[in-house]
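Comments concern the structure below.
Read-outs: derived from the displayed coordinates by stated rules, not from any lab. Please read all numbers here as calculations on a predicted model, not as lab measurements. Note that we place each Cβ from the backbone using ideal geometry, even for glycine, and neighbour counts take in every protein chain shown.
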Amino acid sequence: MTDDESPFDISLVPRGLRELDLEALADEFGTPVFVYDEDELRRRARDYVEHFGRGRVAYASKAFLCTAMARLASEEGLNLDCATGGELYVALHAGFSPERIVFHGNNKSGEELASAIDAGVGRIAVDSDDELDRLDELTRDRAEPVDVLVRVTPGVEAHTHEYIETGTEASKFGFTLTDGIALRALTRVHESPGLRLVGLHCHIGSQIYRLDAYGRAIDRLAGLAVAARDAGILIEELDLGGGLGARYLAEDPEVSVAEYAAELHDAVDRSWAGAGLGAPPRVTVEPGRSIVAPCAITLYRVGTVKEIPGIGTYVAVDGGMSDNPRPVLYEAGYEAYFPARIGERRPRRGAVVGKHCEQGDVVVAGARLPAVVEVGDLVATPTTGAYGYSMASNYNKVPRPAVVFVREGVPRLVVRREAPDDLLRLDVE
Ligand code: LLP
């Protein structure tokens, strides 16, 4: 733990939530509650579209999806990455145009593939030979071929937590470059009458700040594109997945979309020219975290404050690992602040913990706390807009929180809080 007693760094909170009366909001919607700055969501979406082009940015819905979010993504000109039949179902229910959807997954079932094809999704990112068997079966009698990307694992390390690193040889996703496996998949798609090869897909990992790994991945993809060309196969599109990191802690960097886009486009131009491949392919991306993570805070209410001599203060809130499992899963760091004491120094050390029956149920380990912390205080954790609500559970039968969008200072409920009845909804006796 550090000796730093400096006040909380407000730059972690999206602009539209800084001046908001969070007490009033908590009174109206209850706690815990996810509060998104909708203007910031729209700004970040537009930033991506501006730097990559319309039709070239698919929001990774796994980061956070509900009807309102799907509609927002659509309105802002984003395409959508759906990784399961469930995400696809919600997207279609929200009215998202199927041709703007990329369908993903390393184990898509026959039913999932059939519903994606029936809906008319724009792309299917093929992940395995077994999936190709299913696709051949499903597309045999179709007049129009289905557009596919072939997912490739380029064999690069991405400087992130190993659980969210997906581009190495050992990854369960996609086709490896080793032993000509990826090339064989391309050939197979190329020769399949029901499928049309559009290009390659590659997602090297998530929460990445150091962009050099993308360049290395792209270089390997260019090598594959050369082998493909020699086999008479054209790569028109390169979908480079997501992965740009978000700023969780005051000391974390903020890598801009402009820098990220420049790095990717330069690397593609360089690698394609270096490999003598002619015109570079269309570059597309699938950002999740970097759009939504910085746009939300989670508001909790303090229920107990426990001082352990020589150890620190436990501040227990009314949520925890059921609304944010990331600290438990990835030892992810967050900050916590007390909106009523925002400018105060933070001399106390402790942890913000949840209400679940696990010692590991920590929201913020090594939290810096103001001198006075009381039962009933509001606590907020910034940067909780990605992989929080989407990975939420009902552990200990804790109902999932509400989700509120704030636009120009006006909050509106977009996902209601679960009620006790929801906990019984699936029981058949
Ligand atoms: N495209 C594909 C194919 C992906 O698998 C992912 C994330 C993305 C795009 C979006 O990546 P992003 O821009 O959000 O980094 N639950 C973990 C993150 C898992 C990411 C899985 N795939 C976490 O909370 O850190």
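Label point of Glu358 set 7 angstrom out along Cα-Cβ; within the stretch 294-336, amide nitrogens under 13 Å from it belong to 320-332. Among the trypsin sites (Lys or Arg not before Pro) in the stretch 309-404, those placed in a DSSP loop whose Cβ has at most 16 other Cβ atoms within 10 Å are Arg345.
The GluC sites (Glu not before Pro) of the stretch 1-96 that DSSP puts in a loop, and whose beta carbon has at most 10 other beta carbons within 10 Å, are Glu19. Note on Arg140 and Glu191: their simple-model spin labels are 1.8 nm apart, each label 7 Å out from Cα toward Cβ. State the Cα centre-to-centre distance between the stretch 111-163 and the stretch 191-260 in whole Å. Here the two parts' Cα centres lie 16 Å apart. Each of Ala231 and Arg54 was given a label point 7 Å from its Cα along the Cα-to-Cβ line. The distance between the two points is 3.6 nm. Expressed in Å, the radius of gyration and Dmax of the Cα atoms of the stretch 276-327 are 21.6, 68.
Remind me, relative contact order of the stretch 1-83 in percent, using alpha carbon pairs under 8 angstrom and six or more residues apart? Dividing the mean separation by the residue count of the stretch 1-83 yields 25 percent.
Sequence-ordered 3J(HN,Hα) estimates for the stretch 152-158 from the Karplus curve with 6.51, -1.76 and 1.60 and θ = phi - 60° stand at 10, 9, x, x, 10, 8, 10 Hz, glycine and proline given as x.
For the stretch 329-429, the relative contact order is 22 percent, taking Cα pairs closer than 8 Å that sit 6 or more residues apart in sequence and dividing their mean separation by the residue count. Centroid-to-centroid, using Cα positions, the stretch 31-83 and the stretch 407-421 are 18 Å apart. With q set to 0.09 Å⁻¹, the log10 of I(q)/I(0) for the stretch 249-397, from the Debye formula over equal scatterers at the Cα positions, is -0.40.
Take every Cα pair under 8 Å whose residues are at least 6 apart in sequence, average their separation, divide by the length of the chain, and the relative contact order is 20 percent.
For Ile342 and Arg46, the FRET efficiency from 1/(1 + (r/R0)^6), where r spans their Cβ atoms and R0 equals 35 Å, is about 0.75. Under the simplified labelling scheme, the Tyr209-Thr178 pair shows an inter-label distance of 3.1 nm, with each label point 7 Å from Cα along Cα→Cβ.
Whole-percent P(r), the stretch 176-315, all Cα pairs, 10 Å bins from 0: 10, 32, 24, 15, 9, 7, 3, 0.
Three principal axis extents of the chain based on alpha-carbon atoms, in descending order, are 70, 53, 39 Å. Computed from Cα positions, the angle between helix 257-274 and the longest principal axis of the chain comes to roughly 20 degrees. Between the helical axis of 181-191 and the longest alpha-carbon principal axis of the chain there is an angle of about 60 degrees.
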